[in-house]
Amino acid sequence: MSPEAIAEHKKGPACDIWALGCVVVEMLCEQSTFSIKPGESLEDFLDRIGFGGESPRIPVGISREAQDFLKRCFVRNSKSRWNASTLLSHPFLKDHIQNAEDMAEMGSRVEDRAKHEDLLEAQRFARSKS
């Protein structure tokens, strides 16, 4: 949860960007962005994030682009945090977007072909029943 979601019960795109950063850390490092300290209550844990000023640690051993991307996601002031369209132009993602767009286009062509084949199969089935 983002600091503003905890401290101010806010929801919205800025909170989602914080969450995106958490997911990216977990995907890159296979570790959680935060952890509850031994003996710490959930309330104390959330207070650390919402009121204590704690931000996720940016992992070492990842590319500079990935580190910078995460810094943009974990800006504590939600009004200063980058939005989705700005993050999409970040070098960490930019090189991969064209590949993702190509894959999405290919996926939609495969899906269209499958729908067409399903329609043909349904028509053959209907003809066999008449």
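FYI, it's all coordinate maths here, none of it is from the lab. Quick caveat: nothing in here was measured; it's all calculated off a predicted structure. Ideal geometry is used to build each Cβ from the backbone, glycine not excepted, and the neighbour counts take in all protein chains shown.
If you stretched the chain out fully between residue 63 and residue 32, how much longer would it get, using 0.36 nm times the residue separation minus the C-alpha to C-alpha distance?
Values: separation 31, 0.36 × 31 = 11.16 nm, distance 1.84 nm.
Stretched out fully, the residue 63 to residue 32 stretch lengthens by 9.3 nm.
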List the chymotrypsin sites (Phe, Trp or Tyr not before Pro) within segment 22-74 that fall in a DSSP loop (any state other than H, G, I, E or B) and whose Cβ has at most 12 other Cβ atoms within 10 Å.
51
Can you give me the relative contact order of segment 3-89 as a percent, contacts being Cα pairs under 8 Å and 6 or more apart?
38 percent
HN-Hα J couplings of segment 37-52 from phi, Karplus 6.51/-1.76/1.60, θ = phi - 60°, integer Hz, Gly and Pro as x?
6, x, x, 7, 7, 4, 4, 5, 4, 5, 4, 4, 7, x, 10, x
Under Karplus coefficients 6.51, -1.76 and 1.60, residue-wise ³J(HN,Hα) of segment 69-84 in Hz, glycine/proline x
4, 5, 4, 5, 6, 9, 5, 5, 7, 4, 6, 9, 5, 5, 8, 4
Within 10 Å of each candidate Cβ there may be at most 16 other Cβ atoms; applying that plus a DSSP loop requirement, which GluC sites (Glu not before Pro) in segment 1-103 survive?
8, 30, 40, 54
Per residue of segment 9-22, what does 6.51 cos²θ - 1.76 cosθ + 1.60 with θ = phi - 60° give for ³J(HN,Hα)? Whole Hz please, x for Gly and Pro, Karplus curve as stated.
6, 7, 10, x, x, 4, 5, 5, 5, 4, 4, 4, x, 4
